[in-house]
Amino acid sequence: MLLETRHISKSFGGVQALKDVNLGLEAGEVRGLVGENGAGKSTLIKLLTGVYHLREGTVLWDGKAVSLTSPAESQALGIHAIHQDRTLIPTFDGIENAYLGLDYPTRHGKIDWKAMAARVQSVTESLGLELDLRKTAAALPPPQRTCLEIVRARMRECRLLILDEPTAALTDREAERLFSVVQTLKKNGTAILYVTHRLDEIFRLTDRVTVLRNGAVVDTVETGSVDRDRLITLMTDSVPVRAASRRRTFGGVLLAARNVASRDGSVHCGELYARSGEILGLFGLGGSGRTELLECVYGCRPMSVGTVELNGAVQTKPTPASSLQNGMALICEDRRGKALIGDLDVRDNILLTSIDRFAVGGVLRRKAEDAAVRAQIDALQIKLADMRQRIAELSGGNQQKAVFARAMMTAPRVFLCDEPTQAVDVLTRNEIHRLLRLKADEGCAVVFVSSDLSELLEVADTVQVMRRGSAAQRLINENLTAQQVLSCCYET
Amino acid sequence: MRQNKAAVRRTLQSYGTVLALLAIVLAFSAIRPGSFCTLTNFINITRQISLLVVISLGATVVMSVGEFDLSVGEMASLGGVMAAQMAVAGAPLALCFTVPILASAAVGLINGFVVARFQALSFITTLGMSTVLSGVVYRLSGGATVFENIPDGFSALGTAKLGRVPLLSILMAAFVLLFWFLMRHTPAGRKFYAIGGGEEAARIAGIRVKKYKILTFVLCAVMACVTGMLIASRVGSANTTAGDGYFLKSYAAVFIGCTASRRGVPNVLGTLLGAAILGILANGLTMLQMPTYMQDIITGAIIVLSVVAQRLGREEGQ
């Protein structure tokens, strides 16, 4: 056995991301790894590639116990991963990118560019690839970049290649070429761990499939022995969705987005509408464009075509300022510092969208501001020492509450929520759900994006599914099961 | 013991810059009690730093949104030359001072537009602008200092006194107050800091990032122009390179000022403090008859140290 993991676990601040995972991989095997968002796939990959420190459990490599404490160690063993977020240097050409992290060959103390080019070229050809290696990575189309990363992995001894959603950015034809590369690698005895949401690829490429759910291995099966429905059943929790009091009658349409396409191509034909009193769940797999659609609607991602109708005002080029003006607020998870400004204090962060509202004759009314902020802090029970402390010092849950507090300051009628409960403990999560329901009952419309399907089904009245950048089915959440929603996400 | 250490460290971080200023004042007072530590000299110092403070206020605003304007020196020279030439040509004084200000606002608008619209590096953009401006100054002046036939009224601004206090010092105080109010008590100031703290988050919060960035460049260029005109008025002539020396010193003042703020961000009172440290050093070292090159070495070292101190302060915070 090439790779064997024994009882590996990983937790982040009390959240168990992986539980007691046992996995065995043979050389020359293509293994599929599937599971819902948050099932633990990325965590497993990061453990194997040394990005996360492995503390619980053991990893055997060729039957010998190894420590995986850094990417360098993992690569030295021959484990390479190709991620969704690319790791090429855009301004370097193919040859230098392939050599990243390796020693450049020298001749008389000078870099031997010829030898470098020849070596990269031969590796490229051995994989049956055609690549213009003189082009910079930035100038290559996305599929060729993926190929270049495979070349880079092959430059070293690569005995296990982990492909993480490798076709997310590829067209069908480009994907075909990637599949043939996978076959070539397999013939050469490289083991491949193939992680994807696209089940058709699992059936085409893999020998066996491992299914993860909630951080644990549910089963590992021969690919030939299961069908698509069986796989989805394995992936989704069969626990029935909790029945919550859901609304069936709604007011008028407050927000309608029609035929939205983003300029960067991540959304082709996005549609959604949300009515007064409604919580609309927007769901799709990674890369389906659900967050991107939300950003287009709010105005922080450029739209090429489409209209957004908000409280009766029609716009083709919404901006965050116009959205806020028309009564819509965006609540997002604080990825890449989009939601909060860490250097500012709690008070200024909460006031960020309503700076002008507290100015009288061009002068800020500090007392009125303080009172308004204090009211929100009390209403949401944000725990802090002082509203003048830096927001970065608050806990994740309280930071998320501060993002909510800010949204409340402008008294919006439409709430766009992008993963509002990510990195938040269960208690706060329930509070946020309750708050959104309260707002809906007051006549607001809520659009709720979550990659956690069971959460979505717990909260949403209606579910809009997105698939590959376009709107798919719209489902009424009446005893809707995860399986029903997921089967809309996978193309038939 | 450890707590004590941490407390000392925090105090040093909060008041270190003020303490440094006090230490410098005390040192010079001890060495030259008769000439340094006198009311006359302190009034003198306020006049000496006034021009640096005025130009640094503009730089403070640009830096609060996380950008640089490296064209302030050339802008100051241009402002001085334009105003002086108009005065020599016999234009009414009011016009002599308003036309250059409008011109500088246009320059700031261009700087800001290029940086905000095309997300160009402000460093390079304004460096290019500064070269353009030096060409314009040369075209206007032919490279010669404007000094003949400058009317008395033109020089009054830079030389007049109210009692013992120079008008320049009063102007400086007024500008400091104005900018302090702008940065602390108006929506614009709050938005500047939000943009400087996180442009993307500010944009998503509905702040018109481009508009406010452009505004900072306009303010900065105008303040540079005002400084240039005050220099010309003060010395009664307009040199084509009069503003050169102010560029680096103004950013030095802002950087030293950052160390005086809890979060390490540019702020008006800090900038005043920074300019005071630089001005008092220059004043005192001259009094000690320290050669100019030694003054340069000492001032430069202090600038580098202040940048390091600013980074250290930030790390502590995070």
In degrees rounded to 10, the 0-90 angle between helix A:426-441 Cα long axis and the longest Cα principal axis of chain A is 50 degrees
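Charges at C-beta only: +1 for Lys and Arg, -1 for Asp and Glu. How large is the resulting dipole of segment A:3-235 about its Cα centre, in Debye rounded to 20? Show your work: numbers first, answer last.
Details: 30 positive and 30 negative charges, 96 e Å.
That gives segment A:3-235 a dipole magnitude of about 460 debye.
Go ahead and estimate [θ] at 222 nm for the protein assembly as shown from helices alone: -39,500 (n - 2.57) per DSSP H run with n ≥ 4, summed, over the residue count, rounded to 500.
So the helix-based figure for the protein assembly as shown works out to -16500 deg cm²/dmol.
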Sequence of B:H185, A:H108, A:H7 once ranked by neighbouring C-beta atoms within 10 Å, starting from the fewest: A:H108, A:H7, B:H185
So what are the ³J(HN,Hα) numbers for segment A:145-160, from phi and the Karplus equation (6.51, -1.76, 1.60; θ = phi - 60°), rounded to whole Hz, Gly and Pro as x? 5, 4, 4, 4, 5, 5, 4, 4, 4, 6, 5, 9, 5, 10, 9, 9
Segment A:3-235: percent of C-alpha pairs farther apart than 33 Å? 18 percent
Using the alpha-carbon atoms, what tilt in degrees (0 to 90, nearest 10) does helix A:113-126 show relative to the longest principal axis of chain A? 90 degrees
Quote the FRET efficiency, to the nearest 0.05, computed for B:R117 versus A:R228 with a Förster distance R0 of 41 Å and r equal to the Cβ-Cβ distance. 0.25
When Rg is the radius of gyration of the Cα atoms in segment B:22-128 and Rh is its Kirkwood radius, what does Rg/Rh come to? 1.14
Across all Cα atoms of segment A:336-463, Rg and the largest Cα-Cα distance (Dmax), in Å, are 15.0, 49
So, in nm, how far is label A:T316 from label B:A173 when the simple model puts each one 7 Å beyond its Cα toward the Cβ? 5.8 nm
Taking only the Cα positions of chain B, the convex hull volume per residue in Å³ is 149 Å³
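Between beta-carbons, use under 14 Å as the cut-off and find the net charge around B:I280, counting Lys and Arg +1, Asp and Glu -1.
+3
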How compact and how long is the protein assembly as shown, expressed as Rg and Dmax of its alpha-carbon atoms in Å? 32.1, 100
Between A:E393 and A:L100, Cβ-based FRET efficiency (R0 45 Å, step 0.05) works out to 0.75
Ratio Rg/Rh, restricted to segment A:196-239 and using Cα atoms, in which Rh is the Kirkwood radius: 0.93
Summed over the other residues with a beta carbon less than 11 angstrom from that of A:C269, with K and R at +1 and D and E at -1, the charge totals +2
Around A:L380 (Cβ within 12 Å, Cβ-to-Cβ, excluding A:L380; K/R +1, D/E -1) the net charge comes to +3
Just want the answer: with Cβ charges of +1 for Lys and Arg and -1 for Asp and Glu, which residue in A:L324, A:V181, A:F404 is farthest toward the dipole's positive end in chain A? A:L324
For segment A:1-117, state the semi-axes of the equivalent ellipsoid (square roots of 5 times the eigenvalues of the alpha-carbon gyration tensor), sorted largest first and rounded to whole angstrom. 33, 17, 14
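Can you quote the Å³ per residue value for the convex hull of the Cα atoms in segment A:338-410, rounded to an integer?
In segment A:338-410, the Cα hull volume divided by residue count equals 83 Å³.
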Among the trypsin sites (Lys or Arg not before Pro) in segment A:119-154, which ones are in a DSSP loop with at most 12 other Cβ atoms within 10 Å of the Cβ? Mind listing them? A:R134
What distance in nm separates the two pseudo spin-label positions at A:R434 and A:T307, each 7 Å out from Cα along the beta-carbon direction? 4.1 nm
Please compute the length gained on full extension between A:D112 and A:R156, using 0.36 nm multiplied by the number of residues separating them and subtracting their Cα-Cα distance. 14.0 nm
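Laboratory data are not the source of any read-out in this text; all were calculated from the coordinates shown. Everything numeric in this text was worked out from a predicted model, so none of it was measured. Cβ sites come from the backbone with ideal geometry, for glycine too, and all protein chains shown count toward neighbours.
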